[in-house]
1. GNM on the chain, C-alpha springs below 10 Å: top fluctuator among ALA223, ALA210, ALA19?
2. In whole Å, how far is the Cα centre of segment 306-340 from that of segment 220-271?
3. Below 12 angstrom from the Cβ of GLY294, what's the summed charge of the other residues (Lys, Arg +1; Asp, Glu -1)?
4. Take the alpha carbon gyration tensor of segment 96-243, find the square roots of its eigenvalues, order them as a ≥ b ≥ c, and report rounded if a/c is under 1.5; if not, report prolate when a/b exceeds b/c, else oblate.
5. Within segment 75-96, whose backbone N sits under 17 Å from a point 7 Å along Cα→Cβ of ASP273?
6. Determine the shape class of segment 174-339: with a ≥ b ≥ c the square roots of the Cα gyration tensor eigenvalues, call it rounded for a/c under 1.5, and otherwise prolate if a/b is greater than b/c, oblate otherwise.
7. At R0 = 41 Å, how high is the FRET efficiency between ARG170 and SER12 if r is their beta carbon distance? Nearest 0.05 is fine.
8. Highest first, please rank the peptides 165-175, 86-96 by the mean number of other Cβ atoms sitting within 10 Å of their residues.
Amino acid sequence: MPVRLRDAQLPSVRLTQFAHGGGCACKIPPGELEAVVAGFAGGLPIEAPELLVGLDFGDDAAAVRLDGDTAVIATTDFFTPVVDDAYDFGRIAATNALSDIYAMGGTPLVALNLLGWPRDVLPLELAGEVLRGGADITREANCHLGGGHSIDDPEPKYGLAVTGVADPERLLRLEAGAAGVPISLTKPLGVGVLNNRHKSTGEVFPQAIATMTTLNRDASRAALAAGIRCATDVTGFGLLGHLFKLARASGVTARLDPAAVPFLDGARQAARDGFVSGGTRRNLDWVAPHTEFGAGVDELDRLLLADAQTSGGLLVAGEIPGAPVIGELVPRTEHVLVVG
């Protein structure tokens, strides 16, 4: 697919071929990451009650209370190309970074670009297209975009550092789930296997690009309006990984109905054809010891539920309009997750 430039047209360049992984599938595996940060304290040497959300449960961002009415939310997210088109890569990476603010019930205020680029290998005009994609998404989100930081990097990488605000009494948090509450999912799964197929074959999947460039703003607002206090977004650790983190932090068990989980067209076939990332397999390995799988949940189903998503939807402990209910939280049992 040709890249889109305002003033010139460059030959097609497959950005995914310049990276060892793609999107949130290139995250450090969750088990390894938790081992690295285990016991790591916050930045202040004394107890800091104004730090509302820190490292305790692995929430999507940090939150600090400024006063009784305002909390500042800070996050950063960047990754290697998940699609070949430079402009779409920029849009997807920016949408994904902004999602961490929405996942905690916040409103993004200002963002800074984070760019790594192999300047002797790829045209700088393509880097400009990546930045243009990010700028268009932040404009859609009514979020100011400043400068940022760039480095000469062997692999292309892009993302944002984002600062937002929220009501400190209405934050969406991992540990706020309660037994008896339904679980909703606001975007279909399957972008991981479709993106992996795209990287391998060059096939373009507009349905995957559309969902990855849809802001989680409306879903976040709907959750707050419904009085919901527990949510996260579904990204590199897959649905099972993020649901495990939510249930573990909340001290409950999550019962998941696989038949109720929505998937993008073509996702099941892509998984059946073997386009499953190593990150997805590591996600499944991480949660499997804590999960009871029903007899009807086969290996393909398990991999799809663990599929490493990029710019996925919100996983909400509650029910909001338009989002399918995919399970419920129940009192803690032997397993943190029960699937099927």
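Readers should treat all values here as calculations from the given coordinates under stated rules, not as data from a laboratory. On a predicted model such as this, the values are computed, not experimentally measured, just so you know. Neighbour counts run over all protein chains shown; Cβ positions are idealised from the backbone, glycine included.
1. ALA210
2. 4 Å
3. Values: positive: ARG255, ARG302; negative: ASP257, GLU292, ASP298, ASP301.
Its environment carries a net charge of -2.
4. It comes out oblate by the Cα gyration axes.
5. Counting only backbone N, you get 83-84.
6. Since a/c reaches 1.5 but b/c is at least a/b, the shape of segment 174-339 is classed as oblate.
7. The formula returns an efficiency of 0.35 here.
8. Working: 165-175: 19.7, 86-96: 27.7.
Per-residue mean Cβ counts within 10 Å order the peptides as 86-96, 165-175.
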